[in-house]
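Below you'll find the structure, written out as structure tokens, and then a few comments.
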Amino acid sequence: MNIKDTVAIVTGASSGIGAATAEDLARRGATVVAAARREDKLAEVVERCAAHAPQSRARMVDVADRNACEELVRDTIDELGRVDIVVNNAGVSLRRHAGEASVDEIERVMQINFYGAVAIAMAALPSMLERRCGSIVNVTSVAGYIPNPRESAYGASKAALSMWSHGLAVDLVDSGVHVGVLSPGPIDTEIWDKDEEEAAYDGKLYPPELVAEGIARMIENETVHATVPRQYGLVGALYPLVGGLLRKGLVAHQRRAENAGRSRKRPSKR
């Protein structure tokens, strides 16, 4: 799909990957409907988008609310005539030992990370199928393929979104509607700072613009699956073969971090 002159909905657009994606699509000529909960940060993103695509706009949306998701799509079609691209990026984490997390907390993660994306995609799908044109990109995570310590709920939500998206892609073959799964590795976003417990990972963080570029390529080339950075795709592919060794390594790393009492501070995110 050629991104120029399209209408794109991007969720979780107030910062990080969502903000970078909204701005990147606008630079490529898309009118962007940037959706998120934080009005002030969203306004800044849309201002930058409007410099390239003047009709771009902000929408305050909580993707945990199915009605709000459906209303977002409906209003976009009413106001701009159609939805050509959906980038489901909104997500939350829950960094907590699986035995200490509550069902309510796990349910909230699934509601936002999985069901919110499903609701928006399914709301946009009928008009895309009618026009035989559209692209739905669901942003998952390598955590959906490789279990990380204290992130079982987050990983499960991303794994569910990945498998559902691949199933959707199979069902929509020859429909004119593209479905892609973009799985980021460790990206420099606010998600690292939003939990009380520290992440087990303490390596390099990659810029969100790298993911935005990957999303644009996925839309333009109608790719079904990609990992950014690419090398993290190999780790996910190997996990079923050497999962036991990887699990032991992850647990050992987490315990060393806890015993050392390290306090890793992440840089401020935009």
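Based on what the data block shows, is residue 31 at pLDDT 95 or above, crowded, with 16+ Cβ neighbours inside 10 Å and under 21 Å from residue 176 (Cβ atoms)? In short, yes. Give 268, 175 a once-over and let me know the one that is at pLDDT 60 or above and not in a helix (DSSP H, G or I). Unique residue meeting the criteria: 175. Within region 49-83, the residues that satisfy the criterion of being of a type in the set (Asp, Glu) and under 21 Å from residue 135 (Cα atoms) are 70, 71, 75, 78, 79.
Entry remark, region 45-75: residues being polar (S, T, N, Q) and over 19 Å from residue 24 (Cβ atoms) number 1 in total. Out of the residues in region 1-49 meeting the condition of being of a type outside the set (Gly, Ala, Ser), within 23 Å of residue 71 (Cα to Cα) and assigned to a loop (DSSP other than H, G, I, E, B), tell me which one is nearest to the chain's Cα centre (by Cα). Ranking the qualifying residues of region 1-49, first place goes to 37.
Of everything listed in (1) more than 16 Å from the chain's Cα centre (by Cα); (2) without any contact (Cβ under 8 Å) to a residue 60 or more places away in the chain, the single unmet condition for residue 124 is (2).
Entry remark, region 73-99: residues being in a loop (DSSP other than H, G, I, E, B) and within 13 Å of residue 61 (Cβ to Cβ) number 2 in total.
The values are calculated or read from the model by the stated rules, or taken from the named source; none is laboratory data. These numbers were taken from a predicted model, which means no experiment stands behind them. Cβ coordinates were reconstructed from backbone atoms using ideal geometry, including for glycine residues, and neighbour counts include every protein chain displayed.
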